[in-house]
Amino acid sequence: MASDARSLEDPRTHLRALGGALVVVVLVVLLASVAVSLGYPLIDAAGIARDGALGLALRSAFQFVGFGVAGVGYLVVTDQTDLVTVRFPTRADAKWLAGGFVALLGLYLAVSGVLTALGIEGAESTIVMQGSDQPVYFLYLIPVTILLVGPMEELIFRGIVQGLFRRAYGPAVAVAAASAVFAAVHLTSYSGEGLLATLATVLVLGGVLGIVYEKCRNLVVPAVVHGLFNTVQFLAVYATTTGVVSGW
């Protein structure tokens, strides 16, 4: 206990956690932008319209490649590859994967139900707006979210950011802090009224992913949970946009 107290009194403890998290987020923003810029010529060369469904999905793919480069680059350059734990899922991991997915989806539906009952509408999603007149976009995003979005966002926010805060302050603070950063980064993904309610929902969902990671300490688990959750959302939005079902 005494050593923990001395560690928290050391300014370097806060600098490593807060400074490291800030550096990672800045790297993500910069390299995601660079990756998209480098990807556009490839999209153009393939004769794919940038603002078409496939072009937008490929743009997202390049963006999250940038996330991965930023995350892996940070870990290698700072010699902190031990910060992230990745392994082939065990039976225990599979239970956390299934439980985490059910918990994430159930909590999302519960929060959405409460907000609806209170007359609070969620903010407009940039992704939903982009695909409103070309719903196949949501289907194109499914492989992107499973292969890139889930793994790369979890690498950054649960693996690195949460890992940095855990090392400095313990798991409880780490989950809360990483979830806050996760929600803040999604600020530009939404617009309109209900922004705070939507970001609060993202914060809570990030907390679930953080808890799952702390329990199993295998980044593969929250990455898969995240990808599956997004997939369900994309399928639901596709169904409502095309008129297959009347609401979600």
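The values are calculated or read from the model by the stated rules, or taken from the named source; none is laboratory data. Everything numeric here is computed off the predicted structure, so don't read it as measured data. Cβ: placed from backbone, ideal geometry, glycine included. Neighbour counts: every protein chain shown.
Somewhere in the range 78-101, is a residue among the polar types (S, T, N, Q), over 25 Å from Ile156 (Cα atoms) and either in contact with a Phe, Trp or Tyr (Cβ under 6 Å, 6 or more places away or on another chain) or touching a residue at least 40 places away in the same chain (Cβ under 8 Å) (or both)? Within the range 78-101, none of the residues are among the polar types (S, T, N, Q), over 25 Å from Ile156 (Cα atoms) and either in contact with a Phe, Trp or Tyr (Cβ under 6 Å, 6 or more places away or on another chain) or touching a residue at least 40 places away in the same chain (Cβ under 8 Å) (or both).
One residue alone among Gly113, Gly73 is free of Cβ contacts under 8 Å to residues at least 60 places away in the same chain and out of contact with any helix residue (DSSP H, G or I) (no Cβ under 8 Å at 6 or more places or on another chain), and that residue is Gly113.
Yes or no: Ala183 assigned to a helix (DSSP H, G or I) and surrounded by fewer than 20 Cβ atoms within 10 Å (Cβ to Cβ)? Answer is no for this residue.
All conditions but one from (1) surrounded by 24 or more Cβ atoms within 10 Å (Cβ to Cβ); (2) modelled with pLDDT under 95; (3) aliphatic (A, V, I, L, M) apply to Ile156; the one that does not is (2).
Number of residues in the range 189-222 that are under 13 Å from the mean Cα position of the chain (by Cα) and surrounded by fewer than 17 Cβ atoms within 10 Å (Cβ to Cβ) equals 2.
In the range 1-52, counting only helices (runs of 4 or more DSSP H) that sit wholly within it, the ones holding 1 or more residues that are at pLDDT 95 or above and surrounded by 15 or more Cβ atoms within 10 Å (Cβ to Cβ) span 20-45. Residues in the range 202-248 that are within 22 Å of Ala176 (Cβ to Cβ) and in a helix (DSSP H, G or I): 21 in all.
Counting only residues that are free of Cβ contacts under 8 Å to residues at least 12 places away in the same chain, of a type in the set (A, V, I, L, M) and touching a Phe, Trp or Tyr at 6+ places or on another chain (Cβ under 8 Å), the range 198-248 holds 2 of them. Looking at Thr81, Thr116, just one residue is modelled with pLDDT under 95 and either in contact with a Leu (Cβ under 7 Å, 6 or more places away or on another chain) or surrounded by fewer than 18 Cβ atoms within 10 Å (Cβ to Cβ) (or both), and that residue is Thr116.
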